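Everything on this sheet refers to the single structure shown next.
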Amino acid sequence: MTPTLPFNTSEEHASFTGTISLRPGTVMLVLGEIVARLRAQGFRKQVLASGHGGAYWVGPFIKEVNARYADIIVIPAHHAGDTIWREEVERAGLGGRDEIHGGALSRAVALFLAPDAVTEGDYGVAVPEDMKAYMDYCAWDRFTPDGSWGRYTSADAAVATAEAGRQLLTSFVRRQGEHLKKHLDEACRIKGLTP
């Protein structure tokens, strides 16, 4: 487990004060160096975890680094995670919200992980579904005044709880971990590496 990199691509929030967004090529260059250094130290199986949903560079990076090095395997931590995530969101009672960033779901997770950092009050906007088709063309201040693509009001307090956040994350991590173990073993087998 390496230290977390504090920056990623975040062009959608670039218009909000304090946002630091790196170009995709910069992120891939840094991670390429990390992969190479870990490889030199003997790490042959690596899992890349990017906690930012807008990191569209992950797929091309994974392809390129695996093509460059025949003796290692690098897989993305979110491989096939969308299905498991949606199922666990429903199971935690947080489904049907169509939230991308912010809103009741994010509040529940934050209440579980860092309750002292969660402030009271309403925030976010329920952005119309058809606007998703345009979300990559400009900063999100065109859609939502605070960057939250999802709405939270006090009426959501009964479902946006620390317990819901705990249930969601612990179940998702367990199930996604089980999936990744099988996926990594199969990827190693196909690439000719020892699982």
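Throughout, read-outs are computed from the coordinates displayed, never taken from laboratory work. In this text the structure is predicted, and so the values were computed from the model without any measurement. All Cβ positions, glycine included, derive from the backbone under ideal geometry; neighbour counts span all protein chains shown.
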(message) Let me make sure I get this right: for segment 82-169, a, b and c are the square roots of the gyration tensor eigenvalues over alpha carbons, sorted descending. Under 1.5 in a/c it's rounded, otherwise prolate if a/b > b/c, else oblate. Which is it?
(response) oblate
(request) Of the listed values [x] 18.6; [y] 18.1; [z] 24.9, grab the one calculated as Kirkwood radius over Cα pairs in Å from the structure here. (result) [x]
(request) For a footprinting-style exposure proxy, rank Trp149, Trp140, Trp85, Trp57 by other Cβ within 10 Å, fewest first. (result) Trp85, Trp57, Trp149, Trp140
(request) Return, ordered by residue number, the residues of segment 160-195 whose backbone nitrogen is under 18 Å from a label point located 7 Å along Cα→Cβ of Asp82. (result) 176, 180
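Pairs of alpha-carbon atoms within less than 8 angstrom and 6+ residues apart define the contacts here; what relative contact order does the chain have, in percent? Let's see the in-between values first.
Numbers: 236 pairs, mean separation 45.4, N = 195.
Computed over the chain, the figure is 23 percent.
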(message) Is the C-alpha gyration tensor of segment 1-91 telling us rounded, prolate or oblate? Criteria: a/c under 1.5 is rounded; beyond that, a/b larger than b/c is prolate, otherwise oblate.
(response) oblate
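Calculated from DSSP H runs of 4 or more alone, at -39500 (n - 2.57) each and per residue, what is the 222 nm mean residue ellipticity of the chain, nearest 500?
Working: 5 runs with 80 residues, N = 195.
That calculation yields -13500 deg cm²/dmol at 222 nm.
By how many nm would the segment from Asp141 to Asp185 lengthen if fully extended, with 0.36 nm per residue of separation less the alpha-carbon distance?
Details: separation 44, 0.36 × 44 = 15.84 nm, distance 4.26 nm.
Here the segment from Asp141 to Asp185 would lengthen by 11.6 nm.
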(message) Quick check on packing: order 24-37, 104-117 by the mean number of other C-beta atoms within 10 Å, highest mean leading.
(response) 104-117, 24-37
